[in-house]
Structure formats: C-alpha cells, structure tokens
Amino acid sequence: MTGSNLEEDATVDGRVSRWKNHRPALLHAATEYALATGVADLTLRPLAAAVGTSITSLVRQFGSKDELIHEICRDLQGRMVVALQARRRATSDDPSEVLRALWRMWLTPEYMRQFAFLFELYGLALRYPDRYEWFANSVVEEWMTPFQETLIARGHSVDHARDLTTLVLATVRGLHLDVAATRDVARVDAAFELALQSLAPAFAVPPWGRTPSAPRPTPK
C-alpha cells in the first residue's frame, strides 16, 4: 500500500481526524502503550492499531519512531520532575525528607514501569550514543535542577550543590536499578535508608559552601 493510499484509507475511517486536535491525548495513549511494550518492541504499526489511529497520524504528530520515543521520554521526565518539585514543597526543602518521599513514590507500580522504560533507554544511549544523545543530556540535567535548587536554598554554594546532587542522584538511580532488576524491595530499601544516613552530614552546609566565592578545598 502506498503512502497516499494509506492516508486516504486513514482519512476515510476517521482515524486521522479523530486525533487531529488531540495531540496530548494521543501522546498519553502512545505513552501507555510504550510503557507496556518497552522500547525494543515498539513499532508504529502495532502502536497505531492499539490506540485506534493510523501510522499517518503518528508520523504527522510526532515524526519518526525515534522522535516519538523522545516525546514519550520528555513526557515521563516532565511528570517526574513535577512530582519531585511537589515533594520538595511538601517537605519544607529538607533534602533527606525530599529523597525519602520520592523513594516511596518511585517504588509504586506506576513509577516502577516508568523507570523500567527509562532504564531501557539508558542501555540504548550507551550502545548508540549519537542517536540517543538527547536522552543522556536530559536525564541528567532535568533531574538535577530541582534538588540542586533545594541545596542552594539551604545555603550550599552552586558548585557544592551540583557535586552533591550528582552523588545523590547517582546513588538513588543505582538503587532503583537494583530493585527494578531484582524486585528485592526490602533489601534495597534498607540500603536506601543507610545511604540517607551516610549523606546526612553532607546535607549540612560545609564551611566552603557558605561563601560562594570562597575557594573549595583541593584534594591532596
């Protein structure tokens, strides 16, 4: 079937017009399908059939499969960042309580499947760094900003807040990868609490963090 015939068929059965002005709803439907299917098995034809649209509509709205995955990832990360900011406000910017609230939320089934999708993209970004460069950049920078702002608001210098945020998110990411792979929630949850205890002294403002212009200690 040619592209023109496909478009004609899609227009006739109403699938193109159905989604024409409902891009957010189409993205949500595509996201739900992708979370259930995963990245490796995601193809446009089964996706279109599952959400009740056409390949033509998907291409018109999102472009290629890679562009659609990019959109889905942005949607998921946007939701997670909003949740992070909400927990930050609810816990009065206490770093330990922010992390604990997020950890509890991230262990729910809804977030577990979102992390599974993101971890799959991590693997693809390692294998195909040029193709998934956007992911490697966004998954670090977009996640760092809210927690980094929490530390700065408590008096940490920008440099120290960035370093500590890098450590915190790498730790949490590693623990979540463990629980996603093993489903051993009790063991990993205990390790998370130990990590929080170990990080607590670092959340206190260090002497060099109170004055942003002051030199940081040089490792010997």
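Where a number appears in this text, it was derived from the coordinates with a stated rule and is not lab data. Small disclaimer: the values here were computed from a predicted structure and weren't measured. Glycine gets a Cβ as well: all are built from the backbone with ideal geometry, and neighbour counts include every protein chain shown.
Remark: the D159-A49 segment gains 34.7 nm on full extension, using 0.36 nm per residue and subtracting the alpha carbon distance. A simple spin-label model places pseudo-atoms 7 Å from Cα toward Cβ; at R60 and Q85 they are separated by 3.2 nm.
Estimated at 0.36 nm per residue, the fully extended path between D41 and T145 surpasses their Cα-Cα distance by 34.2 nm. For region 169-203, trypsin sites (Lys or Arg not before Pro) meeting the loop criterion (DSSP other than H, G, I, E, B) and having at most 12 other Cβ atoms within 10 Å: R183.
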